[in-house]
1. Consider residue B:281 against the criteria (1) over 17 Å from residue B:234 (Cα atoms); (2) crowded, with 18+ Cβ neighbours inside 10 Å: it satisfies all of them except one. Which criterion is unmet?
2. Taking the condition of being touching a residue at least 12 places away in the same chain (Cβ under 8 Å), farther than 18 Å from residue A:191 by Cβ, assigned to a helix (DSSP H, G or I) and not aliphatic (A, V, I, L, M), how many residues in segment A:57-108 meet it?
3. Testing residue A:73 on (1) within 14 Å of chain B (Cβ to nearest Cβ); (2) at pLDDT 80 or above, one condition comes back false. Which one is that?
4. Quick one: in segment A:88-110, which of the residues that are at the interface with another protein chain (Cβ under 7 Å from one of its Cβ atoms) and of a type outside the set (A, V, I, L, M, F, W, C) is farthest from residue A:138 (Cα to Cα)?
5. Based on this model, can you work out whether residue A:17 counts as of a type in the set (A, V, I, L, M, F, W, C), within 14 Å of chain B (Cβ to nearest Cβ) and part of a helix (DSSP H, G or I)?
6. Given the options B:287, B:300, name the one that is within 11 Å of chain A (Cβ to nearest Cβ), crowded, with 24+ Cβ neighbours inside 10 Å and out of contact with any Lys or Arg (no Cβ under 9 Å at 6 or more places or on another chain).
7. Taking into account only those residues within segment B:108-165 that are touching a Phe, Trp or Tyr at 6+ places or on another chain (Cβ under 7 Å) and over 30 Å from residue B:245 (Cβ atoms), which is surrounded by the fewest Cβ atoms within 10 Å (Cβ to Cβ)?
Amino acid sequence: MRPLIEPILLAVALTNFAVLGTSRMTACVRMLAMQGALLGVLSIAVERPLSVHSIALGAGTVAVKALGLPWFLRWAMREAAVRREVEPVIGYMASLLLGALVVGVSFAVASRLPGMVPGQGGSAPGGLLVPIALATLLSGLLVLITRSKAITQVVGYLMLENGIYLFGLTLVGRISFLVEIGVLLDVFVAVFIMGIVVFHINREFDSISAENLVELREA
Amino acid sequence: MPERATPVLALILTLLLAPLVPGVAARTRAVLTGRRGSPIWQLYADLWKLFRRGIVYARVTTIPFRLVPVVALAAIVAASLLVPLDGRTSVFAFPGDVVAFVYTLALARFVLVLGALDTGSSFEGMGASREVTFAALVEFALFLCFAALSVVTHQLSLSGMAGVTLADRWMTAAPALSLVAAGLFILLLAECSRSPVDDPTTHLELTMIHEVMILDHSGPDLGVILYASAVRLSVLAALLGRIAWPVAKLAPALRLAALVAALVLVGVLVGIVEASMARLKLAKVPLYIAGGAALSAFGLVLLLR
């Protein structure tokens, strides 16, 4: 399984680019689902002796990140009847280039992180795991702050969380199984709440632009 | 076959087979969209037809317009001298010839634009403006690609970059190199005005980019320009082939076979892309090129690590 790790991590980084560069929400969600599936496979691949623990973790990840959450986002999209992110704060071209910059910065930062000795834990495959985790985290942050529609923001949040998950994989075997499952559950609940919020924003304003929420007034 | 002769042989082979590449692309597209399509040697027939015709020059055109075909073809052939077409060495090589390669290709584009502006037609001016806009973006992305190759091989000439060292580095840096190759393919489509950036078969002047610039050329002039764009496509296809699959260590005859295979395969790939996706809106093209740039930049970052 070891030689699989590097291509999978690269594919994760490519899905980041795809989310940053596309205006269609369905494509965004599809890319997110693919990223979730890749993370699931990855969490099985990093563990050298295959254990029940890692297989369960991988299966849980795929179930939540690649099937559950995307299904839920698609539901929210159908309810709110939105297909496209119309006016992002930063254009797609600029966010794609920023995404490339973010990858560069992550590689520069990751090589300087203390305690990330190559060969230790899951960071072994050429030290690619930590920089890609940082890049995913930062790309998620970028999507979260530059898109105006609530659903794309949720996608950004989930990418950010995927980055954290990747980071957690460096410690696989040391973090207990229950903690990981707890995190998955947390995220699931958070997105569930966000979905409901999206639904209500949509019903209140007939659109899901989060920019409608800047004004505070009494009902 | 003597080792010294293969670069020249490869160059002759490329120049002879160049019109085949657009033909293969068109045929692939036709087959995939359920039509029979024209034979793959269609461009040879077109060229033969055009070369027997007379030339008509518009009264408003001046000398730059007449120079276009000659300079464009000369520039593109000069650029192809720098490419290791046979997979190991080029006819000419010197440190930094990448820059010469990119800018001799740009020279060909520049005279095409000059000729288009010389006619004073508003359509041609529009096409020229689009062509230059996209070319400026492609240039930057192309240099990112070459920077990555130069980092991985520690060479500054094209024949060094796509030569013997690259074959060894594919063993250790395969993921990054495949990113660079994918980026180069995206840029090749943009550089050669193929779908999804431009549609070579469109008949509507408003949507054309490259085709609209050569509307006023006729007869042998048009033939030479069509041939020059076919050579540009073939040379880039051969370069992409050598980067995606370095064959420097094989016997000379096998390397020439690999050259033909690269030309045909890239033709088929271009045809598949043309059959499977519509051309992009003009406003989306920069994003497409930025995608190619992002892939190469990512490859570069991986190699610099």
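The values are calculated or read from the model by the stated rules, or taken from the named source; none is laboratory data. In this text, all values refer to a predicted model and were calculated from it rather than measured experimentally. We place every Cβ from the backbone using ideal geometry, glycine too, and count neighbours over all the protein chains shown.
1. Residue B:281 satisfies all of (1) over 17 Å from residue B:234 (Cα atoms); (2) crowded, with 18+ Cβ neighbours inside 10 Å except (2).
2. Summing the residues that are touching a residue at least 12 places away in the same chain (Cβ under 8 Å), farther than 18 Å from residue A:191 by Cβ, assigned to a helix (DSSP H, G or I) and not aliphatic (A, V, I, L, M) in segment A:57-108 gives 6.
3. The failed condition is (1).
4. First, pick out the residues of segment A:88-110 that are at the interface with another protein chain (Cβ under 7 Å from one of its Cβ atoms): A:92-93, A:96-97, A:99-100, A:103-104, A:107.
Within this subset, residues satisfying the condition of being of a type outside the set (A, V, I, L, M, F, W, C) are A:92, A:99, A:104.
Values: A:92: 16, A:99: 8, A:104: 11 Å.
The extreme case among them is A:92.
5. Criteria met by residue A:17.
6. Numbers: B:287 fails: crowded, with 24+ Cβ neighbours inside 10 Å.
Selected residue: B:300, the only one of B:287, B:300 that is within 11 Å of chain A (Cβ to nearest Cβ), crowded, with 24+ Cβ neighbours inside 10 Å and out of contact with any Lys or Arg (no Cβ under 9 Å at 6 or more places or on another chain).
7. Out of the qualifying residues, it is B:118.
Let's see how each residue does on (1) more than 30 Å from residue B:4 (Cβ to Cβ); (2) surrounded by fewer than 19 Cβ atoms within 10 Å (Cβ to Cβ); (3) of a type in the set (A, V, I, L, M, F, W, C); (4) away from every other protein chain (no Cβ under 14 Å):
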{"site": "B:192", "(1), (2), (3), (4)": "yes, no, yes, yes"}
{"site": "B:215", "(1), (2), (3), (4)": "yes, yes, yes, yes"}
{"site": "B:250", "(1), (2), (3), (4)": "no, yes, yes, yes"}
{"site": "B:272", "(1), (2), (3), (4)": "yes, yes, yes, yes"}
